[in-house]
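Participant: Sharing a structure below in structure tokens format, with a few things to ask.
The values are calculated or read from the model by the stated rules, or taken from the named source; none is laboratory data. Fair warning: this is a prediction, and the values are worked out from it, not measured in the lab. Ideal geometry is used to build each Cβ from the backbone, glycine not excepted, and the neighbour counts take in all protein chains shown. Protein only, heavy atoms only, side chains kept; ligands, DNA and RNA dropped before computing areas. Shrake-Rupley method; radii C 1.70, N 1.55, O 1.52, S 1.80 Å.
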Amino acid sequence: MLKGARVVFSQLLLCGFLCEGSKDPDCRQYKTCTECILGSPECSWCEDRDYHYLDQPRRRCDLHSNHQQNKCRKISNPGSGSTVHSNNEPDGDRDVKVSPQNVTLRLRPGISTAITINVHTPRNFPVDLYYLTDVSRSIKKESIKSLGHLLADEISNLTSRFRLGLGAFVDKPTAPYMDTDPVMVAAPDPNNGNSTPTFGYHNVLPLNKNTSYFQDAIEKLMASGNVDNPEGGLEALVQVAACEKEIGWQSKEDARRVVVLTTDAAYHSAGDGLLGGVVIPNDGLCHLDGEEYSASLLMDYPSPGLVRDVLLESQVVPIFAVASKEKQVYEQLANFLGNETYAETGELLEDSSNIVRVIGEAYKKIARTVTIRDTNSARLTLRYTAVCPKGEIYEDTRTCTGVELGDTVSFKISVSMANCTDDLPSNFSIKTPYGQVFLKLSYVCSCDCEAEEILEPNSTICSHRGSLKCGMCSCEDGWAGEYCSCTEEEERKNCQSNNGDVCSGQGSCSCGKCYCEDTKDPKGLIYGETCECNNLNCPKDPENEEICGGSERGDCDCGQCKCKENWSGPSCSCSKDLDGCTKNGVLCGGRGTCKCGTCVCNASLPYRGPFCDECLSCIGNCEANRPCVQCRMFGTGELVGEDCKTKCKDFRITAVDELTSDMGKKCRFRDEDDCYFGFAYTVRADGQLEIYTQRNKDCPSEMKALLVILGVIGAVLAVALALLLIWRVLATVQDRRAFAKFEKEQQKAKCVMAENPIFKPTTTTFMNPMYGVKT
């Protein structure tokens, strides 16, 4: 089945270069049906026995639309599709929660097919909850002594069908993870002489419906201890997920599996075992001997990637209830595990008193989330679209959140494959929290018409010298030609054209008949008895630059355009349609002829324009009709008396109170009494004018004129005052600047005030020596 795919691999690469930038693929390079359907999803094969045009065989491999246009009756164009074998609709809280159940997909390279998966979230779905706790001395037993009853009450609010189990872990019982002092080995918790020696993982209580068993097991837990901060939580988690029988998990489709891991420390991962001499990689399998993990000193810690694979395979959902100092570490782990595992992280208080609330909130979030995933889908391309409640649609996502119990969500999945290879999967599955859909795959990697049982050996079409396969003859040895009608020696004879070349140098000879080559243009065709013609050497339309104006206007036949009904001219660029020349039912205004859809106006007349109705040298219709409107309506203007009656007798004038837009173009003039009159006109189909005149003139009142005059005066005064104010402001600013400059220069002056030494005053002052003396 896949042999043909390898044959055309190099041709596909070549097509990638040749067809780049082309809108349509070049299907003609493929010579067999298998090569054709694998070459491009747009290529198809015609199986008709007689598939010719102008005595030349048409291309068997071509676009489907071309085959339809060429009237091919049997087109091989297999597509992709799906067949549903089992489709029991979801029935509430009973058995069926996912539909359909079994589907077969048929895929052709490059063509996708789509299926829709419906998932119903049941209201009372069973839950298996396994409590996995760290019993190192950092965990206080008092914080969980009533956990069994509290946890049962919390879960019963969501479902009445639940079971509880219990497991405990510490770390690998060897140095450097534990203290090897004999005293510490016996009792690793120095504050508790009854503490249990360090261990890897114990399955304390398999899943059980009796919550009192769970409470008893919780109360009997003994503390233990280790010396390094990280614990062996991931190692224990792998065992809980892998040991389905020992833990007591129900079937994946019958219950939701949840494990709650509580700790106040980080985790060891792959590679940390080297410190203790444990080098064998963790295999992710179950190694429980009774209730104890037996491979703690034999295998290394698991990597987060292995944990993810084991959780997905067993469909166990982890909830990490951890101390605040480690919350970020476990949030990163939950993000790595991905939405498919439904991993959640909650923060514990220092005394772990909120453990029940953390578990309850995390499980509610999990129960209201639906995520699907695919398995064994390598070499396939899957694209998901989630149709969540309330009609919300999310492209490229496989998760719906906020789903209420009892709701149904849908996922549209597009499946495709790039090419046929030997390692394509034969089936795969879509997994949901409540079941899975099985999909069987079949591939279109060859044509049905090439099957041995369909061949027509010694076909009459092939002159009884070959087999008819997919509409073509496969000749026996020694015979050749389209119908095996001549020997191989005769095949190249009798094909010379007038210039002496074989098939005009554009084809090959077979049994005396020319078979023309393909052109570089996929739309081109070489034909003729000696391949002397083609459909590409005709003139192009100057506007759209297409040969013969394009297929809608005409076809090129051996150098000449054969125009279709409404087109003419050498390049079919001349339209015979008169719509482009007609306005108001008149062809070119009665002043020209229509050629190629365009009016050619009479050169002896002054009219031009698209419809020969525009006269640039003529006075306007407004001015031409003004005198008659004046004299007929108001008795004014240059036409008075008999002149008005004689020259304006044929005018059709209708008086109206108000002119409207549907009356035509409006005109407005000033009359002798300084009043304004107006009229409108429109051109009728017969070329005559229809004139509508406003009955009353528009005369401005004296009060309006006075107001206009006063307004103008006021405006002039306002402008003058504004200019005066601006001048005054500028002058004040200039004066202040000059004064400031003067004061600044005055402060910088260095001259000293003193008397002239040669100056003599004009007055003399005498002091009476006896003034003020008492005698």
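Participant: Of all residues in segment 512-544, which are open to solvent by less than 30 Å² (accessible area, probe 1.4 Å), under 17 Å from residue 54 (Cα atoms), modelled with pLDDT of 85 or more and part of a loop (DSSP other than H, G, I, E, B)?
Facilitator: 531 - this is the single residue of segment 512-544 that is open to solvent by less than 30 Å² (accessible area, probe 1.4 Å), under 17 Å from residue 54 (Cα atoms), modelled with pLDDT of 85 or more and part of a loop (DSSP other than H, G, I, E, B).
So that you can scan it fast, the table gives a plain yes or no per residue for (1) open to solvent by less than 60 Å² (accessible area, probe 1.4 Å); (2) touching a helix residue (DSSP H, G or I) at 6+ places or on another chain (Cβ under 9 Å):
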site	(1), (2)
391	yes, no
395	no, no
404	no, yes
419	no, yes
422	no, yes
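Participant: A further question follows. How many residues, within segment 1-43, are at pLDDT 80 or above and in contact with a Pro (Cβ under 9 Å, 6 or more places away or on another chain)?
Facilitator: The number of residues fulfilling the criteria is 11.
Participant: Does residue 452 meet the test of being free of Cβ contacts under 8 Å to residues at least 24 places away in the same chain, of a type in the set (D, E, K, R), open to solvent by 40 Å² or more (accessible area, probe 1.4 Å) and more than 29 Å from residue 312 (Cβ to Cβ)?
Facilitator: yes
Participant: Is it the case that some residue within segment 348-364 is open to solvent by 20 Å² or more (accessible area, probe 1.4 Å), touching a Ser or Thr at 6+ places or on another chain (Cβ under 8 Å) and at pLDDT 90 or above?
Facilitator: No, that holds for no residue.
Participant: Select the strands (runs of 3 or more DSSP E) contained entirely in segment 339-416, then report the ones holding at least 2 residues which are in contact (Cβ under 8 Å) with a residue 40 or more places away in the chain.
Facilitator: Correct list: 373-375, 380-387.
Participant: Can you name the residue in segment 64-84 that is out of contact with any Ser or Thr (no Cβ under 7 Å at 6 or more places or on another chain) and not in a loop (DSSP other than H, G, I, E, B) and, of all such residues, is most open to solvent (accessible area, probe 1.4 Å)?
Facilitator: Ranking the qualifying residues of segment 64-84, first place goes to 69.
Participant: Name the residues in segment 291-302 that are open to solvent by less than 40 Å² (accessible area, probe 1.4 Å) and either among the small types (Gly, Ala, Ser) or in contact with a strand residue (DSSP E or B) (Cβ under 9 Å, 6 or more places away or on another chain) (or both), would you?
Facilitator: Within segment 291-302, 293, 295, 296, 299, 300, 301 qualify.
Participant: To continue, here is another question. If I filter segment 303-313 for residues that are without any contact (Cβ under 8 Å) to a residue 60 or more places away in the chain and assigned to a strand (DSSP E or B), do I get at least one hit?
Facilitator: No.
Participant: Here is a follow-up. What are the pairs, 6+ residues apart or on separate chains, where a residue within segment 259-274 that is touching a residue at least 12 places away in the same chain (Cβ under 8 Å) and outside any loop (DSSP other than H, G, I, E, B) has its Cβ under 6 Å from a residue that is surrounded by 18 or more Cβ atoms within 10 Å (Cβ to Cβ) and of a type in the set (Phe, Trp, Tyr)?
Facilitator: From segment 259-274, the pairs are 259/130; 260/131; 261/320; 272/301; 273/301.
Participant: If you scan segment 638-651, which residues turn out to be modelled with pLDDT under 85 and surrounded by 11 or more Cβ atoms within 10 Å (Cβ to Cβ)?
Facilitator: Those that are modelled with pLDDT under 85 and surrounded by 11 or more Cβ atoms within 10 Å (Cβ to Cβ): 639, 640, 643, 645, 647, 648, 651.
Participant: Select the strands (runs of 3 or more DSSP E) contained entirely in segment 551-621, then report the ones holding at least 3 residues which are open to solvent by less than 70 Å² (accessible area, probe 1.4 Å), closer than 28 Å to residue 540 by Cβ and of a type outside the set (Phe, Trp, Tyr).
Facilitator: Strands (runs of 3 or more DSSP E) meeting the threshold: 554-557.
Participant: Out of 187, 175, I need the residue that is without any contact (Cβ under 8 Å) to a residue 12 or more places away in the chain and either basic (Lys, Arg) or over 17 Å from residue 131 (Cβ atoms) (or both). Which one?
Facilitator: Answer to the selection: 187.
Participant: How many residues are open to solvent by less than 10 Å² (accessible area, probe 1.4 Å) and not in a helix (DSSP H, G or I) if we restrict to segment 318-330?
Facilitator: Here the count works out to 5.
Participant: Which of the residues belonging to segment 672-696 are modelled with pLDDT under 85 and assigned to a loop (DSSP other than H, G, I, E, B)?
Facilitator: 672, 673, 674, 684, 685, 686, 687, 688
Participant: Restricting attention to helices (runs of 4 or more DSSP H) lying wholly within segment 108-222, give those where 1 or more residues are out of contact with any helix residue (DSSP H, G or I) (no Cβ under 9 Å at 6 or more places or on another chain) and within 30 Å of residue 299 (Cα to Cα).
Facilitator: Counting at least 1 such residues, we get 182-186.
Participant: Suppose we filter 474, 459, 504, 508 for residues that are among the hydroxyl-bearing types (Ser, Thr, Tyr), open to solvent by 40 Å² or more (accessible area, probe 1.4 Å) and more than 30 Å from residue 109 (Cα to Cα); which single one remains?
Facilitator: Only one candidate passes the filter, namely 508.
Participant: Looking at residue 333, is it in contact with a helix residue (DSSP H, G or I) (Cβ under 8 Å, 6 or more places away or on another chain), over 17 Å from residue 363 (Cα atoms) and not in a strand (DSSP E or B)?
Facilitator: yes
Participant: Could I ask something else about it? Of all residues in segment 651-682, which are out of contact with any Lys or Arg (no Cβ under 9 Å at 6 or more places or on another chain) and under 25 Å from residue 587 (Cα atoms)?
Facilitator: Those that are out of contact with any Lys or Arg (no Cβ under 9 Å at 6 or more places or on another chain) and under 25 Å from residue 587 (Cα atoms): 652, 662, 663, 664, 665.
Participant: Just to be sure I understand, how many residues within segment 32-61 are surrounded by 14 or more Cβ atoms within 10 Å (Cβ to Cβ), free of Cβ contacts under 8 Å to residues at least 40 places away in the same chain and out of contact with any strand residue (DSSP E or B) (no Cβ under 7 Å at 6 or more places or on another chain)?
Facilitator: So the count comes out to 2.
Participant: Name the residue, out of 667, 631, that is at negative phi and touching a Leu at 6+ places or on another chain (Cβ under 6 Å).
Facilitator: After ruling out the rest, the residue left standing is 631.
Participant: Considering only residues that are open to solvent by less than 80 Å² (accessible area, probe 1.4 Å), more than 16 Å from residue 628 (Cβ to Cβ) and touching a Gly at 6+ places or on another chain (Cβ under 8 Å), which ones fall in segment 657-681?
Facilitator: If the condition is that a residue be open to solvent by less than 80 Å² (accessible area, probe 1.4 Å), more than 16 Å from residue 628 (Cβ to Cβ) and touching a Gly at 6+ places or on another chain (Cβ under 8 Å), then 659 is the only one that fits.
Participant: Within segment 199-253, can you find the residues that are free of Cβ contacts under 8 Å to residues at least 40 places away in the same chain and of a type in the set (Gly, Ala, Ser)?
Facilitator: Selection gives 251 alone.
This table checks each residue for (1) at pLDDT below 90; (2) open to solvent by 50 Å² or more (accessible area, probe 1.4 Å).
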residue	(1), (2)
155	yes, no
173	no, no
179	yes, yes
194	yes, yes
198	no, no
213	no, yes
